[in-house]
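Q: Got a structure for you, questions after.
Any read-out appearing in this document is the output of simple, stated calculations on the displayed coordinates, not a laboratory observation. Computed from a prediction, not measured in an experiment: that's the story for all the values here. As a convention, Cβ positions derive from the backbone with ideal geometry for all residues, glycine included, and neighbour counts pool all protein chains shown.
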Amino acid sequence: MDSSSDLRDFLVTRRARLTPQQAGLPDFGGRRRVPGLRREEVALLAGVSTQYYVRLERGDAGGVSDSVLDGISRALQLDDAEHAHLHDLARAANDRTPAHRKRAGSSRAQVRPGVQQTIDAMRDVPAIVQNGRLDIVASNTMGTALFAELMSTTQPPNFARFLFLEPAAQRFYRDWADAAQQTVALLRSEAGRSPHDKALSDLVGELSTKSALFGKLWASHNVREHRTGTKRVTHPAVGDLDLTFEAMDLTADRGLQMLAYTAEPGSPSQDGLQLLANLAHTRAAATAPGPGR
């Protein structure tokens, strides 16, 4: 992953999606050679010289200040995730540390015992812990049961690899196309935060090679934050589930997130989760080693 190229492409794609009318600028008509705003229009809105903005859009972030980035963010009407991504990309492109001294990303591959104990205590709630590459690094019994197909088909269990490379994913996710877009956007955000994460770079390379759709979505440079949302899935054992998830950063374990999934009280999805809990805990009890074994 090339930070300067990523900065350039991100700014170009954000500029291309805005019309003069959307930006509050007069449109004097005439045919535009490229869609969206011109570079000089972004510079005007951001309060910087056209030359300065052109240099930044070429991937040269040397000496760029946070206030300038904030101005460009306002000019391009970036949302919170895009705003943070712009700062991450500029920081990485401005990094003059020799390549051999750059630190890899912080996406961890395991959790502390206390974290595992916490999610295990959530007996009837599917809970997992994932890193920035979307590897599942820990789960409780219900989390393993909910994502059983993912757990059995990709090693290490990885949401992106499952979504784009496993046919079972299109049966599991009822909104598969939306899930695919969100997954790529999450990986794009992580690439901005951890541009030297070789495992992430390898994952992106693998998926780009094996999935044309992944490559197309990756080139869009869309980003997002993973905080809360809904998942509509079809579980092979209990059928359709409409779930709400909450994602919480583990402040003591940088780069890890805990996600918990719940259903609306009294809904068919809650009944389905309860059935899944009964099946999962019965199976776990049956396979647990007994005394003296």
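Q: Based on a Kirkwood Rh over C-alpha pairs, give the Stokes-Einstein translational diffusion coefficient of the chain at 37 °C and viscosity 0.692 mPa s in µm²/s.
A: For the chosen part, D equals 155 µm²/s.
Q: Using amide H atoms built 1.01 Å from N in the peptide plane, name the residues 5+ places from A247, or on other chains, whose amide H lies under 5 Å from its own.
A: The list, which skips near neighbours in sequence, is T228.
Q: For region 149-293, what relative contact order do you get, as a whole percent, if you take Cα pairs closer than 8 Å and at least 6 residues apart? Walk me through the intermediate numbers first.
A: Numbers: 158 pairs, mean separation 23.6, N = 145.
Rounded, it is 16 percent for region 149-293.
Q: What spacing in nm lies between the two simple spin-label points modelled at N94 and Q110, each 7 Å away from Cα in the Cβ direction?
A: 3.7 nm
Q: With Kirkwood's inverse mean 1/r over C-alpha pairs for Rh, give me the Rg to Rh ratio of region 113-287, two decimals please.
A: Working: Rg = 16.0 Å, Rh = 16.7 Å.
Answer for region 113-287: 0.96.
Q: Another question about this same structure. Can you give the FRET efficiency for S220 and T153, using 1/(1 + (r/R0)^6), R0 = 30 Å, r = Cβ-Cβ distance, to the nearest 0.05?
A: It comes out at approximately 0.70.
Q: Now for a separate question. As a footprinting exposure proxy, order E246, E82, E57 by other Cβ within 10 Å, with the fewest listed first.
A: Values: E246 13, E82 22, E57 19.
Ascending Cβ contact count within 10 Å gives the list E246, E57, E82.
Q: Now for a different question. Please work out the FRET efficiency for the pair E166 and D66, using the Cβ-Cβ distance as r and a Förster radius of 51 Å; give the result to the nearest 0.05.
A: Values: r = 41 Å, r/R0 = 0.81.
E(calc), rounded to 0.05, equals 0.80.
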